[in-house]
Amino acid sequence: MEKKIKILIVDDSKIHIIGLKSIISEMPEISSIYEAHNPGEAMNLLNEHNDFDTAIIDISLETNSDGLILAQAIYDNYPKVRSIILSHYKNSRYIYLALSAHVMAYLAKDSSPETIINAIRTINNGHCIFFGDTISENLINSIFGKEKNVSRLKPHSLTKKEIEVLCFITNGLSSKEIAAKMGITVNTVETNKERIKNKLGYKTITEAVAFGIKHGIFGIKHGITDLEE
């Protein structure tokens, strides 16, 4: 039986919500679509229902970054909810901020309906990170660095367990959820996270995720690939 997806749209424009609903409602796997017009309404709905699968969030609600603040709040309180940001910004600053807020898809507002549908399906199949069809490859390369900038770093410097932890982090799982899936303790997960950062020479896990994408451990356009043996 196909997995059903419960969607929350957060946008302060009723016209945008109507447009998104018309696109998403054509998907047979969508069970229901709810709407909120600001972060407060969104959190109230999440508190009330507690079973949403995906939140599609306008990056500019009351301020330019309220959507990202909401995405972080959703991750902190409802880590199983996968967030998609819709943005009119196509620059590295906002994409970095989105990744830091554990957003699983970053789509420009001029994305095609097919891209929106593909993003929903991709992240609900356990994959990320997904970028819209109008986010240029050059921009993505500029964000994650050119090969010459990271050529000294080798993917095999990470153990299989460390790669698996990094994969789960990129999927948006908390340390507690990773521990449960891998049959290890939360402390062991945290230790692996520190080792990943130390081995790759990064200060944050977000930078380590970017490294994984660059080296093909995780896919950029179509989500995470299977772990290599």
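Every read-out reported here was derived from the displayed coordinates using simple, explicitly stated rules and does not represent laboratory data. Since the model is a prediction, treat every value here as computed from it, not as a measurement. We place every Cβ from the backbone using ideal geometry, glycine too, and count neighbours over all the protein chains shown.
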Problem set entry | Residues with amide H under 5 Å from that of Phe130, placed H, sequence gap 5 or more | Ala105, Tyr106
Exercise. Which cross-chain or sequence-distant (5 or more) residues have an amide H under 5 Å from the amide H of Val10, H modelled 1.01 Å from N in plane?
Worked result: Ala36, Ile56, Ile57, Asp58
For this session: Determine Rg/Rh for the range 19-80; Rg is computed over alpha-carbon atoms and Rh is the Kirkwood hydrodynamic estimate from the same atoms.
Result: 0.96
Seminar exercise, completed: Expected vector for the range 47-52, Karplus 3J(HN,Hα) from phi with 6.51, -1.76, 1.60 and θ = phi - 60°, integer Hz, x for Gly and Pro, equals 5, 6, 9, 6, 9, 6
For this session: Mind ranking 101-110, 198-207, 158-167 by how tightly packed they are, going by the mean number of other C-beta atoms within 10 angstrom, highest first?
Result: 101-110, 158-167, 198-207
Exercise. In this model, which of Lys90/Lys197; Lys6/Lys181; Lys176/Lys199; Lys4/Lys160; Lys14/Lys90; Lys6/Lys109 are farther than 26 Å apart at the alpha-carbon?
Worked result: Lys90/Lys197; Lys4/Lys160
